[in-house]
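Below you'll find the structure, written out as structure tokens, and then a few comments.
The values are calculated or read from the model by the stated rules, or taken from the named source; none is laboratory data. Model, not experiment: these values are computed from the prediction. Note that each Cβ is placed from the backbone with ideal geometry, even for glycine, and that neighbours are counted across all protein chains shown. The accessibility values were calculated without ligands, DNA or RNA, using every heavy atom of the protein model including side chains. Shrake-Rupley method; radii C 1.70, N 1.55, O 1.52, S 1.80 Å.
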Amino acid sequence: MRIGRDVRLAAKVARDLWAARRGQTAVRKKLVETPPLEPQQYVIGVYFADGDVNLYQLRQWYKPLAELAKTWPVVILSRNATAATRLLEESPVPVAYVRTVVDLEKLIHDQPIRVVFYVNQNTRNFQMMRYGRRWHVFINHGESDKMYMTTNQFKAYDYALIAGDAARARLDKVLWDFDFDKRAIPIGRPQADHYSGELPYTPDDREVVLYAPTWEGDRAAAAYGSIASHGVTLVRALLATGRHRVIYRPHPRSGVVDHAYGAANTEIVRMIEEANQADASAQHVHDTGAELGWQLAAADMAIVDISAMVYDRLAAGKPLMVTRPLNPDAEVDTGGYLAACEWLTAADAANVVERIDQVEHDDDSLARLAYWVERYFGDTTPGATTARFHAAVQHLMDEWERYAKIHEGDPEIDEHDSEAEELGTEL
């Protein structure tokens, strides 16, 4: 038994080493093709210590950062070879590969970075946060009512850019002695001003319904997926009307745990294909693309499971329904929007057309939606959240200037890590 474990461990170590070497080879090749950063140019750094598997956390910030860079030059600081390779290929703003602490220190020496953004809580964030005389700002990678959104780690940063009143109320319950007025700056969701992707159909008079379910989950408490309980029935009903267009965007892990759940996903895809064959003008969409944005903007109605998609759609300020989990053990946090959302039960799935019409034309439902959109994201008028994001950055820059003047007579403090230089470590 012990020998078998040791063999598996050794094999894993060997695979990891091989993957790391391949990653280093790829990023070195990419760096040769990339012009070096212009010195003394970048005042905002976006720190990302994860591998490419978590790049979705950064990708959603690409367009807001590209817009911000028109005013304040932005550079992404990548600590991982696989992530850096992808970033060098696709990022709309410059990328620096800073594998070791020495590399990081050299960049800080060469660039006048005043503000550092963080999109997640990677423990290696602290390797960047050791450097003073700049603001360290948590910007996160989404808005939800998950436990992740109330971590005490918010206190580690000088500031946090939060979505709105709901985020502040959520944090206020758990962050003791935290100066919200100073350190928590509401900006809404700038991504909503930059929805990306081209429509894969020609718009017409059909009503567009986005159905974006999550996967089945790996435990009862997280059994939020609706494909098997709601999905087949509701999609069949929508395809039958002749006046709806379905955008079906399932979670890529759908069916990895439950074979029946995967079979239901396959059935929905089959139904969509057959509907398009029967009527080419229907242009129903099975969406598996990497870009998320056009779906939220184009859909007249969205039907989503309990997931980040609830809040992504809410930020669009347009009608949505949330599927009520069939599993009674699924944990539902009713402390926020889910306390007042428009639920779609499995029993109502066959009547989804009537439910859509009801939600879209009910004054009370529309009033509740407007209230929760405002509570979570503030003003969602196109351009408003980008303006708040830019105003927040301007405030940070003004504060940097103010403190720089206060401390301009202070002696220079060497933040250089001589031990790290000797070892050349990634740490």
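Descriptive notes on the structure:
- Residue in segment 253-275 that is touching an Asp or Glu at 6+ places or on another chain (Cβ under 6 Å), under 22 Å from E143 (Cα atoms) and either surrounded by 21 or more Cβ atoms within 10 Å (Cβ to Cβ) or not hydroxyl-bearing (S, T, Y) (or both) present: no
- When residues of segment 377-402 are limited to those that are modelled with pLDDT under 95 and of a type in the set (S, T, Y), the one most open to solvent (accessible area, probe 1.4 Å): T381
- For the criterion of being among the acidic types (D, E), open to solvent by 30 Å² or more (accessible area, probe 1.4 Å), part of a loop (DSSP other than H, G, I, E, B) and in contact (Cβ under 8 Å) with a residue 24 or more places away in the chain, E198 passes.
- Summed over segment 51-92, residues that are outside any helix (DSSP H, G or I), open to solvent by 10 Å² or more (accessible area, probe 1.4 Å), within 26 Å of A392 (Cα to Cα) and not aromatic (F, W, Y) total 7.
- Pairs are defined by a Cβ separation below 6 Å, a sequence spacing of at least 6 or placement on different chains, a first member in segment 286-297 that is outside any helix (DSSP H, G or I), and a second member that is among the β-branched types (V, I, T); the pairs so defined are H286/V269; H286/I272; D287/I247.
- Some residue of segment 219-233 being closer than 25 Å to W61 by Cβ and in a loop (DSSP other than H, G, I, E, B): no
- Residues being open to solvent by 40 Å² or more (accessible area, probe 1.4 Å) and either polar (S, T, N, Q) or over 30 Å from G164 (Cβ atoms) (or both) - total across segment 201-219: 6
- Residue in segment 20-31 that is part of a helix (DSSP H, G or I), crowded, with 18+ Cβ neighbours inside 10 Å, at pLDDT 95 or above and not aromatic (F, W, Y) present: no
- P328 passes every criterion in (1) surrounded by fewer than 16 Cβ atoms within 10 Å (Cβ to Cβ); (2) in contact (Cβ under 8 Å) with a residue 40 or more places away in the chain; (3) of a type outside the set (A, V, I, L, M, F, W, C) apart from (2).
- Residue match in segment 250-260 (condition: in contact with a strand residue (DSSP E or B) (Cβ under 7 Å, 6 or more places away or on another chain), part of a loop (DSSP other than H, G, I, E, B) and at pLDDT 95 or above): no
- The residues on offer are D287, D305, D300, and the sole one that is crowded, with 20+ Cβ neighbours inside 10 Å and among the acidic types (D, E) is D305.
- Test: residue in segment 159-166 that is among the small types (G, A, S) and either open to solvent by 20 Å² or more (accessible area, probe 1.4 Å) or within 15 Å of S78 (Cα to Cα) (or both): no
- Restricting attention to segment 126-149, the residues that are surrounded by fewer than 17 Cβ atoms within 10 Å (Cβ to Cβ) and over 29 Å from E401 (Cβ atoms) total 3.
- In this entry, L239 passes the filter for residues that are part of a helix (DSSP H, G or I), open to solvent by less than 50 Å² (accessible area, probe 1.4 Å) and among the aliphatic types (A, V, I, L, M).
- Close Cβ contacts (under 9 Å, 6 or more residues apart or on different chains) running from residues in segment 33-49 that are open to solvent by 90 Å² or more (accessible area, probe 1.4 Å) to residues that are aliphatic (A, V, I, L, M) comprise E33/L88.
- Per-region count, segment 308-323, residues part of a helix (DSSP H, G or I) and either surrounded by fewer than 24 Cβ atoms within 10 Å (Cβ to Cβ) or in contact with a helix residue (DSSP H, G or I) (Cβ under 8 Å, 6 or more places away or on another chain) (or both): 8
- In the set L292, L239, only one residue is modelled with pLDDT under 95 and not aromatic (F, W, Y); that residue is L292.
- Residues within segment 318-345 that are of a type in the set (S, T, Y) and closer than 17 Å to D364 by Cα, tallied: 1
- Against the list (1) open to solvent by less than 30 Å² (accessible area, probe 1.4 Å); (2) more than 23 Å from the chain's Cα centre (by Cα); (3) without any contact (Cβ under 8 Å) to a residue 24 or more places away in the chain, the condition K182 fails is (1).
- The lone exception for T123 - which of (1) hydroxyl-bearing (S, T, Y); (2) open to solvent by less than 50 Å² (accessible area, probe 1.4 Å); (3) closer than 14 Å to F48 by Cβ it fails: (2)
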